[in-house]
Amino acid sequence: MSHIRLLSGALLLVGGALILAGQPARGQSTTPASAPARQAAGSGARDLPLTVGKSLVVESPVNIQRISVGDLTKAEAIAVSPREVLVNGKTVGDTSLIIWQQGGNRLLFDLKVRPSTARLDAVRLELQRELPGQDVDLTLEDVNVFVRGTVRDLASANRAVAVAATLGKPVNLLRVNVPAAEQQILLKVRFANVDRTVSQDLGVNLFSTGAGNTLGGTTTGQYTPPSWTTDSGGFKLQLTDALNLFLFRPDLNLGATIRALQSRNLLQILAEPNLLAVNGKEASFLAGGEFPFPVIQAGAGGSGVVTLTWREFGIRTIFTPTITPRGTIRLKIHSEVSSLDLAHGVTVSGFSVPALATRKVSTEIELQDGQSFAIAGLLNNQVIESMSKIPGLGSLPVIGKLFQSRSVSKNNSELLVVVTPEVVRPVPAGVELAGPQFPKPFLKGGTMIAPRTPPISVTGEPVKSLQETIPVEQLEAMKEQTPSTPALPAIQFVPVMMPPAQGGTAPAATQK
């Protein structure tokens with residue numbers, strides 16, 4: 001508790017300094033002054049500092065008649081004796097204190113209630129521990145905490161604001177050093193896809209012209225049997241299926257077609273795309289193409305509008321690399337291998353739309369620089385067997401095989417994806433760049449160097465940072481900016497009725 005003593009009604013002791021506030025001069029009378037004189041003596045307000053949660057005592061050599069505090073939420077004044085006033089600080093802010101003394105003197109004080117510096121000093125000490133060597137200062141005004149200074153990165157700025165928030169509402173006025181260029185990650189992806197197909201067909205068709213040159217025979221229906229036709233030139237035998245063996249005995253009017261085919265197919269796909277991305281940004285790769293996909297939408301007047309959209313297919317990879325504080329590289333990978341499947345396609349409004357045979361994998365892995373990770377086990381095994389036989393005859397021993405047909409198809413495919421991330425840096429200027437090896441030389445006399453824009457050494461100095469530090473909110477806005485990908489235009493086919501043409505009929509619709 002502080003004590004302030006008023007000597008002769010106007011002498012204050014504030015911070016060890018004596019302030020004269022209306023004390024009568026030596027030799028003058030101490031009788032009450034007139035009203036104008038008393039007003040002039042009390043018109044000069046004196047600053048009286050006070051701390052929240054603490055008190056001070058104002059003492060007067062003469063009796064006090066009345067006291068008043070402008071804002072009781074900031075401070076309160078209590079008369080503890082005829083010549084002593086106890087002033088308590090309650091909340092941060094400024095208010096006024098008026099004391100009326102016996103004899104007509106009136107004293108004015110500007111109470112400046114300030115927060116306790118104990119919590120502020122504790123928070124400043126905590127900032128020094130959390131952010132050593134960085135210039136961060138706190139200023140407390142009412143409930144607002146102004147955070148000023150310069151920090152190394154955005155994470156340090158966020159931590160300083162979080163610590164300052166324990167005192168009140170933080171106002172971030174920090175500046176951040178211009179960060180260095182982001183690291184870049186090169187992702188080497190290897191796709192190996194092996195597709196094996198084995199098929200086997202076996203079947204027999206028997207036929208006979210018989211008496212009267214009429215065709216008769218036995219068939220399972222799985223393979224197209226021969227057909228017999230007549231015309232002006234006589235009878236003709238038509239074969240509509242590719243055969244391995246054809247037997248015919250004219251003397252017996254008996255023939256047979258035997259189908260025994262076996263095939264083996266091997267398809268191998270190998271792609272090694274290299275993707276480069278900035279730390280934390282997404283990169284994608286597609287080796288394939290696009291095919292049109294018609295979409296029917298309702299148009300004006302109930303007529304349909306066919307809109308063509310494009311679907312991508314091929315070998316696709318989408319990955320997002322992130323360098324962790326441990327120095328490893330965390331990858332979010334989405335790999336997909338797709339191909340056109342015409343056998344399972346559909347027809348929409350006259351358009352033949354193929355299906356897609358797709359195999360995809362999505363995973364998240366963490367590797368060190370140069371390590372590899374294999375994603376395997378994407379196997380697809382299929383066995384399709386179709387058997388047809390004539391009831392009864394097909395079940396006879398030995399000769400029953402002549403009345404049976406069988407088709408066996410076996411498919412086996414394997415997909416292997418190997419991922420290898422590496423932290424890379426740009427090639428220095430002036431170093432010869434690696435290029436593809438051309439099997440044949442180009443035209444003699446032609447240049448081997450493509451036209452290019454002159455380098456910085458010719459056009460001017462390289463771009464330099466205009467300032468070493470920038471505000472935090474500006475750095476955050478720069479990180480949130482991502483370029484938008486323009487949408488591909490769609491092709492629309494709109495039916496339009498046309499008037500009949502001269503000498504013919506008009507088409508039902510035309511393309512626009």
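The values are calculated or read from the model by the stated rules, or taken from the named source; none is laboratory data. In this text the structure is predicted, and so the values were computed from the model without any measurement. Using ideal geometry, Cβ is built from the backbone for each residue, glycine included, and neighbour counts are taken over all protein chains shown. Quick note on the areas: whole protein, heavy atoms, side chains included, nothing else; ligands and nucleic acids left out. Shrake-Rupley method; radii C 1.70, N 1.55, O 1.52, S 1.80 Å.
Residues that are closer than 24 Å to L56 by Cβ, open to solvent by 70 Å² or more (accessible area, probe 1.4 Å), free of Cβ contacts under 8 Å to residues at least 40 places away in the same chain and in a loop (DSSP other than H, G, I, E, B) within the range 86-134 comprise just one, K90. Counting only residues that are acidic (D, E) and either at pLDDT 90 or above or part of a strand (DSSP E or B) (or both), the range 135-158 holds 3 of them.
The number of residues in the range 159-189 that are part of a loop (DSSP other than H, G, I, E, B) and either over 30 Å from T322 (Cα atoms) or not acidic (D, E) (or both) comes to 9.
Specify the residue that is least open to solvent (accessible area, probe 1.4 Å); the eligible residues are those in the range 367-399 that are at pLDDT below 85 and within 30 Å of E422 (Cβ to Cβ). Spell out the reasoning first.
Taking the range 367-399 and keeping what is at pLDDT below 85, we get 373-399.
So of that shortlist, the ones also within 30 Å of E422 (Cβ to Cβ) come out as 373-379.
Details: F373: 81, A374: 63, I375: 19, A376: 67, G377: 61, L378: 44, L379: 113 Å².
Looking at residues that are at pLDDT below 85 and within 30 Å of E422 (Cβ to Cβ), I get I375.
Six or more apart or on different chains, Cβ under 8 Å: which pairs go from a residue in the range 464-476 that's within 14 Å of A155 (Cα to Cα) and in contact (Cβ under 8 Å) with a residue 12 or more places away in the chain to one that's polar (S, T, N, Q) and surrounded by 13 or more Cβ atoms within 10 Å (Cβ to Cβ)? Could you list them? Close Cβ pairs (under 8 Å, with a partner that is polar (S, T, N, Q) and surrounded by 13 or more Cβ atoms within 10 Å (Cβ to Cβ)) amount to V472/N172; E473/N172. Taking the criterion of being within 32 Å of the chain's Cα centre (by Cα), open to solvent by 30 Å² or more (accessible area, probe 1.4 Å) and of a type outside the set (A, V, I, L, M), the residues of the range 342-366 that qualify are T358, R359, K360, S362, T363, E364, E366. Please verify whether the range 25-46 includes one or more residues that are open to solvent by 50 Å² or more (accessible area, probe 1.4 Å) and modelled with pLDDT of 85 or more. Yes, the range 25-46 contains at least one residue that is open to solvent by 50 Å² or more (accessible area, probe 1.4 Å) and modelled with pLDDT of 85 or more. Inspection of the range 391-400 finds a residue satisfying the criterion of being touching a residue at least 12 places away in the same chain (Cβ under 8 Å) and touching a helix residue (DSSP H, G or I) at 6+ places or on another chain (Cβ under 6 Å). No other residue among V427, V419 is open to solvent by 40 Å² or more (accessible area, probe 1.4 Å), of a type in the set (A, V, I, L, M) and farther than 19 Å from I258 by Cα apart from V427. When each of A192, A211, A180 is tested for being open to solvent by 50 Å² or more (accessible area, probe 1.4 Å) and at pLDDT 75 or above, the lone residue that passes is A180. Return the residue satisfying two criteria in turn: it lies in the range 460-478 and is modelled with pLDDT under 80 and open to solvent by 100 Å² or more (accessible area, probe 1.4 Å), and of such residues it is farthest from V151 (Cα to Cα). Residue satisfying both the conditions and the ranking: E461.
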